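Presented below is the structure to which this report refers.
Laboratory data are not the source of any read-out in this text; all were calculated from the coordinates shown. Keep in mind the model is a prediction, meaning the values are calculated, not measured. Note: ideal-geometry Cβ built from the backbone for every residue, glycine included; neighbour counts use all protein chains shown.
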Protein chains: 2
Amino acid sequence: MLFGDKIKELRENRRLLQRQMAMSLGINVPMYSRIERGERRAKREQVIILSQILDVETEDLRCLWLADKVVSVIHEESDFGR
Amino acid sequence: MLFGDKIKELRENRRLLQRQMAMSLGINVPMYSRIERGERRAKREQVIILSQILDVETEDLRCLWLADKVVSVIHEESDFGR
DNA sequence: TTATTTTTGCCAAATAATGACAAACCGATT
DNA sequence: AATCGGTTTGTCATTATTTGGCAAAAATAA
């Protein structure tokens, strides 16, 4: 969970609440909570908005976001024969 | 398109028709055609069945299938700012 | 305890993937 | 040119997955 951990870290450093993040993203708090814990995946526009809210390069977040996606694809592979 | 090219190559080497492949997979011919050309993705059970029909190790096909999946995830990334 | 924040469980809406069918296309043969 | 077998394309229906919301439960503070 690279992406979720990173946005959580950035959010906490900036003393922001999930409530404020969710508001900026136009989603509700539980949804944001799940994104932060990697239970749900942010969509691409949301990554851009997050980088703005958190004041980091979009590239950096995009990279972690993509890495998580690749990891999950590979990981699903273990269910292969199910 | 590693996976599609491979099953096409194997199918042709074995002088099999798409019709027969589709039948074995329980789908119709156009669907199989799309899988072979990478327009649609085979599902996991289908990869197993394909390896049996084509008499190759499931591992080998699974590897190509997974590689394609990873490539497509990375490739979608270029649409990022759309 | 009370207030605030975060997480969980569950259901609804939106989106994407899978499949079928008809018709078009392509090559070879006649 | 006409036809035949095989493959591909266009389009729509069905199904599965993802995304989101709401209420309530945990957790954390105060």
### Message
Among the residues of the range A:51-64, are any surrounded by 14 or more Cβ atoms within 10 Å (Cβ to Cβ), within 12 Å of DNA strand D (Cβ to nearest atom) and in a helix (DSSP H, G or I)?
### Response
no
### Task
Taking A:V47 as the residue in question, decide whether it is crowded, with 16+ Cβ neighbours inside 10 Å, in a helix (DSSP H, G or I) and facing chain B (nearest Cβ under 10 Å).
yes
## Note on the structure
Filtering the range A:19-28 down to residues that are surrounded by fewer than 14 Cβ atoms within 10 Å (Cβ to Cβ) and either part of a helix (DSSP H, G or I) or of a type in the set (S, T, N, Q) (or both) yields A:R19, A:N28
### Query
Under 8 Å by Cβ, and 6 or more places apart or on different chains, what pairs join a residue from the range B:11-27 that is within 13 Å of DNA strand C (Cβ to nearest atom) with one that is not in a helix (DSSP H, G or I)?
B:A22/B:N28
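Residues of the range B:41-73 being under 14 Å from B:K8 (Cβ atoms) and near DNA strand C (Cβ under 10 Å from one of its atoms), which ones?
We begin by selecting, within the range B:41-73, every residue under 14 Å from B:K8 (Cβ atoms); these are B:42, B:50, B:53-54, B:56, B:61, B:64-65, B:68.
Answer for the range B:41-73, where residues must be under 14 Å from B:K8 (Cβ atoms) and near DNA strand C (Cβ under 10 Å from one of its atoms): just B:A42.
Based on what the data block shows, is B:A42 assigned to a helix (DSSP H, G or I) and among the small types (G, A, S)?
no
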### Query
Can we say B:M31 is more than 30 Å from A:L66 (Cα to Cα) and either within 12 Å of the chain's Cα centre (by Cα) or assigned to a loop (DSSP other than H, G, I, E, B) (or both)?
no
### Task
Could you tell me whether the range B:1-18 includes any residue that is over 24 Å from A:R44 (Cβ atoms), β-branched (V, I, T) and outside any helix (DSSP H, G or I)?
no
### Single match in A:D60, A:D68 (criterion: closer than 13 Å to A:K6 by Cα, within 12 Å of another protein chain (Cβ to nearest Cβ) and acidic (D, E))
A:D68
### Task
Would you confirm whether any residue within the range B:3-13 is over 13 Å from the mean Cα position of the chain (by Cα), within 15 Å of DNA strand D (Cβ to nearest atom) and more than 11 Å from chain A (Cβ to nearest Cβ)?
yes
